[in-house]
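J.: Just passing along the structure, written as C-alpha cells.
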C-alpha cells in the first residue's frame with residue numbers, strides 16, 4: 001500500500017504513546033496518517049469476539065479501504081461521567097445514580113482514569129480526569145440535586161476536556177431530563193462531537209413508556225451516541241441502572257480497533273465512515289465519520 | 001316642548017324600574033353570592049380559612065364556583081349598578097376576590113393539580129375584568145403582569161400565554177405585558193418538545209414573539225429588554241443585520257450589566273454565524289469581562305475555540321470556568337431562559353395582596 005507522504009491531522013486515532021501519569025499535561029493534536037476506528041460488535045446486547053480483519057469492511061467516503069488490523073484492544077480509558085443533578089433526580093434517584101457510578105468505578109483498572117462533570121442549569125467540574133477512584137467517589141457525594149438542565153453544555157464540557165492521548169475517550173452521560181438551559185445548540189454540539197474522538201454512552205433514567213413518544217432530547221442523544229459510535233441504554237428501574245453501567249463498561253472493553261491508511265479519498269474535510277461485518281444478525285457501531293485537516 | 005320633556009322623564013323612570021330584577025332572581029343571586037361575599041370579607045381580614053374553603057372541593061364544589069362565575073359574567077355589565085346588586089360589590093371587594101382566587105390558583109399549581117388552577121384563573125380574570133376607574137385599572141394591569149410572570153415561573157407556558165392574551169384584551173398597549181407575551185412565545189419556540197404539543201410551529205412562535213416585541217417597543221421605545229429580546233429573535237429568524245442593529249447599542253451603552261452581558265453573548269453568536277471569528281471572540285470576552293463568574297459566555301468562547309481547532313485554548317478556558325462554581329449569582333442567560341427568580345416575583349404579588357387587605 002502506498003503510504004501518504006503528507007501526514008493528516010486526523011481527529012481519529014492518536015499515534016502518540018501514552019504516558020499514564022495523572023499529572024501529565026494534556027496533549028491536543030496528533031499528526032497521523034493511520035486512521036483508527038473504534039468499533040463495537042454485538043448480537044443483541046452481547047459483545048461478539050473472535051472477529052478478524054477479513055470479517056470487516058470499512059468505507060471512507062464511500063471508498064472501500066484495506067484494513068491493516070482488527071483486534072479487541074483493552075486500551076486504557078479516560079471516562080468522564082456526565083451526571084444530571086437537576087431537580088428531577090433529587091432523592092433516591094440520585095443515590096442510585098451514585099451507587100451505579102461507584103460500581104462502574106470498581107470495574108476500572110490500571111491506567112484507566114475517570115473524571116466527573118455534574119450539571120443542573122449549571123455545569124460543574126467535580127473532578128478532572130484522575131486515576132484516583134476514591135477522588136471520584138468522593139466528588140460524587142458532593143452534588144445536591146436542584147435546578148434546571150444544561151445537558152448540551154455539559155456534554156460539550158466532556159468533549160472539550162478530552163485528552164488526545166492513547167487512552168480511549170468515553171463520555172458516560174446519565175440523565176432523565178430535557179434540556180432547559182444550555183447555551184449551545186444541538187447543531188453546535190453535534191459539530192463538536194464530530195470533531196472529537198470520544199465515544200458517547202447515554203444511560204437514560206426515564207425510559208419512554210409503552211406508546212409514549214420519545215422526547216426531542218432523547219432522540220437527539222440517540223443520534224449523538226450513534227454519531228460517536230456509542231450506545232444508549234434506558235434504565236427501567238434502579239436495579240437496571242447498575243446493570244446498565246456494567247453493560248456499558250463491558251461494551252467498552254470489548255470494542256475492536258480497526259486501522260487503515262486512507263486511500264483514494266481527499267486529504268481534508270469530512271470523511272464519512274461505514275463499517276460492516278459480513279455476518280448475519282450482528283449490530284455494528286462505529287463513529288459516523290471524522291474530520292481531517294491538511295497540516 | 002314641555003310634553004316632550006315629561007315624556008323623556010317618564011321613559012327614564014320606567015327604564016330604571018325595569019332594571020329592578022324580580023324578587024326571585026334577586027334571591028337566587030343573593031343566595032349564591034352572599035356566602036361568597038362573606039368568604040372574601042374574611043380573606044380581607046387575613047383569615048386563612050377562606051383560601052382553604054375555596055380550594056376544598058367538598059366545602060366549595062366546583063359547580064358552585066362555576067355558577068358563581070357564570071353569575072358574575074351575567075351581571076358584569078352592570079356591576080356598579082346598585083339597583084341590581086345583590087351584595088355590596090365595592091371595587092376593593094372585587095380586587096380581594098380576584099386575589100383570593102389568585103392565591104388559590106398558585107396554591108393548586110404548587111400542589112401540581114391540573115384542572116383547579118384553570119378554574120381559579122378564570123374566576124380571577126372575570127373579577128379583574130369587572131374593575132373600572134383609573135386606580136382599579138392600574139391594579140388590573142399590574143395584576144396581569146405579575147400573575148403571568150408567576151405562571152411562567154411555574155412552567156405553565158400555555159396558561160401563561162392565555163393569561164397574557166386575556167390581559168392584552170384589556171390592555172392592548174401595555175408595553176410590559178406585550179414584552180412578557182413575546183417572551184413566552186420565544187420560550188416555547190426554543191423547546192421542540194413543547195412546540196410538538198402545540199398548534200403553532202416554532203417558526204410561527206418566533207414570528208409571534210417578534211410581533212409582540214415590536215408592539216411593546218411601539219408602546220414604549222425606551223424598553224431595553226424588549227430591544228434585547230427582539231434582537232435575539234431576529235437572529236433566530238435569520239435577520240442578522242437588524243438583530244445587530246438592535247443589540248449593539250445595548251451591548252455598548254446599557255446601564256445594566258446583565259443586559260450588556262446578554263447582548264454581547266447574542267452578538268457573538270451572530271458573528272459566529274457570519275464566520276466573523278475575531279468579532280465573535282471579542283464579544284464573548286466582553287461578556288466575560290462584565291460578569292466574570294458566569295458560565296454561558298465561557299462555554300460559548302470555549303466552543304468557539306474548539307470550532308477553530310484551538311484545542312488548548314478551549315480546554316484551558318473551560319477548565320477555569322467550570323471550576324468557578326457553584327455560583328452564588330444567577331447567570332443572565334438562565335434568567336433570560338427561566339425568567340426572574342421566584343424571590344424577585346414575590347414582592348409584586350405580595351404588594352397586590354396587601355392592597356386588598358383591611
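The values are calculated or read from the model by the stated rules, or taken from the named source; none is laboratory data. Remember, predicted model here, so these are calculated numbers, not experimental data. Cβ atoms come from the backbone with ideal geometry, glycine included; neighbour counts cover every protein chain shown.
J.: Among (1) within 14 Å of another protein chain (Cβ to nearest Cβ); (2) out of contact with any strand residue (DSSP E or B) (no Cβ under 8 Å at 6 or more places or on another chain); (3) crowded, with 18+ Cβ neighbours inside 10 Å, there is one condition residue A:87 misses while meeting the rest; what is its number?
T.: Just one mismatch for residue A:87, condition (3).
J.: Kindly indicate which of B:204, B:208, B:225 is more than 14 Å from chain A (Cβ to nearest Cβ), free of Cβ contacts under 8 Å to residues at least 24 places away in the same chain and either assigned to a helix (DSSP H, G or I) or surrounded by 24 or more Cβ atoms within 10 Å (Cβ to Cβ) (or both).
T.: Among B:204, B:208, B:225, only B:204 is more than 14 Å from chain A (Cβ to nearest Cβ), free of Cβ contacts under 8 Å to residues at least 24 places away in the same chain and either assigned to a helix (DSSP H, G or I) or surrounded by 24 or more Cβ atoms within 10 Å (Cβ to Cβ) (or both).
J.: Can I ask one more? What are the pairs, 6+ residues apart or on separate chains, where a residue within region B:132-159 that is at positive phi has its Cβ under 9 Å from a residue that is in a helix (DSSP H, G or I)?
T.: Filtered contacts from region B:132-159: B:133/B:91; B:155/B:338.
J.: Look at region A:140-174 and say how many of its residues are touching a helix residue (DSSP H, G or I) at 6+ places or on another chain (Cβ under 6 Å), part of a helix (DSSP H, G or I) and more than 19 Å from residue A:192 (Cβ to Cβ).
T.: Result for region A:140-174: 1.
J.: Go over the candidates A:61, A:78 one by one and state the one that is closer than 17 Å to residue A:172 by Cα and touching a strand residue (DSSP E or B) at 6+ places or on another chain (Cβ under 9 Å).
T.: Result of the check over A:61, A:78: A:78.
J.: Would you say residue B:272 is under 21 Å from the mean Cα position of the chain (by Cα) and over 17 Å from residue B:157 (Cβ atoms)?
T.: Values: under 21 Å from the mean Cα position of the chain (by Cα): no; over 17 Å from residue B:157 (Cβ atoms): yes.
Answer is no for this residue.
J.: If you don't mind, there's one more thing I want to ask. Go through the residues of region B:228-238 one by one and say whether even a single one is closer than 30 Å to residue B:131 by Cα and in a helix (DSSP H, G or I). Working first, answer last.
T.: Residues of region B:228-238 closer than 30 Å to residue B:131 by Cα: none.
No, there is no match, as no residue in region B:228-238 is closer than 30 Å to residue B:131 by Cα and in a helix (DSSP H, G or I).
J.: Moving on to the next point. Would region A:29-40 turn up any residue that is away from every other protein chain (no Cβ under 14 Å), touching a helix residue (DSSP H, G or I) at 6+ places or on another chain (Cβ under 8 Å), at pLDDT 85 or above and not in a helix (DSSP H, G or I)? Can you show your working first?
T.: Applying the first criterion (away from every other protein chain (no Cβ under 14 Å)) to region A:29-40 yields A:32-40.
Filter once more, keeping what is touching a helix residue (DSSP H, G or I) at 6+ places or on another chain (Cβ under 8 Å): A:40.
Imposing the further condition that a residue be at pLDDT 85 or above reduces the set to A:40.
Applying the additional criterion that residues be not in a helix (DSSP H, G or I) yields A:40.
Yes, because at least one residue in region A:29-40 is away from every other protein chain (no Cβ under 14 Å), touching a helix residue (DSSP H, G or I) at 6+ places or on another chain (Cβ under 8 Å), at pLDDT 85 or above and not in a helix (DSSP H, G or I).
J.: Any chance you could count how many residues in region B:69-80 are modelled with pLDDT under 70 and within 19 Å of residue B:24 (Cβ to Cβ)?
T.: 2
J.: Another question, if that's okay. With respect to residue A:64, is the statement that it is over 20 Å from the mean Cα position of the chain (by Cα), modelled with pLDDT of 50 or more and part of a strand (DSSP E or B) true?
T.: yes
J.: Output the residue which, of all residues in region B:21-68 that are assigned to a loop (DSSP other than H, G, I, E, B) and touching a helix residue (DSSP H, G or I) at 6+ places or on another chain (Cβ under 6 Å), is modelled with the lowest pLDDT.
T.: B:21
J.: Another question, then. Name the helices (runs of 4 or more DSSP H) wholly within region B:278-351 that hold at least 3 residues that are buried (at least 17 other Cβ atoms within 10 Å of the Cβ), more than 9 Å from chain A (Cβ to nearest Cβ) and modelled with pLDDT of 90 or more?
T.: The helices (runs of 4 or more DSSP H) meeting that bar are B:296-307.
J.: On to the next question. Could you tell me whether residue B:217 is assigned to a helix (DSSP H, G or I), closer than 23 Å to residue B:203 by Cα and in contact (Cβ under 8 Å) with a residue 60 or more places away in the chain?
T.: Details: assigned to a helix (DSSP H, G or I): yes; closer than 23 Å to residue B:203 by Cα: yes; in contact (Cβ under 8 Å) with a residue 60 or more places away in the chain: no.
It is false that residue B:217 is assigned to a helix (DSSP H, G or I), closer than 23 Å to residue B:203 by Cα and in contact (Cβ under 8 Å) with a residue 60 or more places away in the chain.
J.: Can you pull out the residues in region A:175-197 that are in a helix (DSSP H, G or I) and at pLDDT 90 or above?
T.: A:186, A:187, A:188, A:189, A:190, A:191, A:192, A:193
J.: If you scan region A:77-124, which residues turn out to be touching a residue at least 60 places away in the same chain (Cβ under 8 Å), in a helix (DSSP H, G or I) and out of contact with any helix residue (DSSP H, G or I) (no Cβ under 7 Å at 6 or more places or on another chain)?
T.: A:87, A:88, A:92, A:93 - these are the residues of region A:77-124 that are touching a residue at least 60 places away in the same chain (Cβ under 8 Å), in a helix (DSSP H, G or I) and out of contact with any helix residue (DSSP H, G or I) (no Cβ under 7 Å at 6 or more places or on another chain).
J.: Within region B:260-277, track down each residue that is away from every other protein chain (no Cβ under 14 Å) and outside any helix (DSSP H, G or I).
T.: B:274, B:276 - these are the residues of region B:260-277 that are away from every other protein chain (no Cβ under 14 Å) and outside any helix (DSSP H, G or I).
J.: Could you tell me whether region B:246-259 includes any residue that is farther than 18 Å from residue B:288 by Cα, out of contact with any strand residue (DSSP E or B) (no Cβ under 7 Å at 6 or more places or on another chain), more than 14 Å from every other protein chain (Cβ to nearest Cβ) and surrounded by 17 or more Cβ atoms within 10 Å (Cβ to Cβ)?
T.: yes
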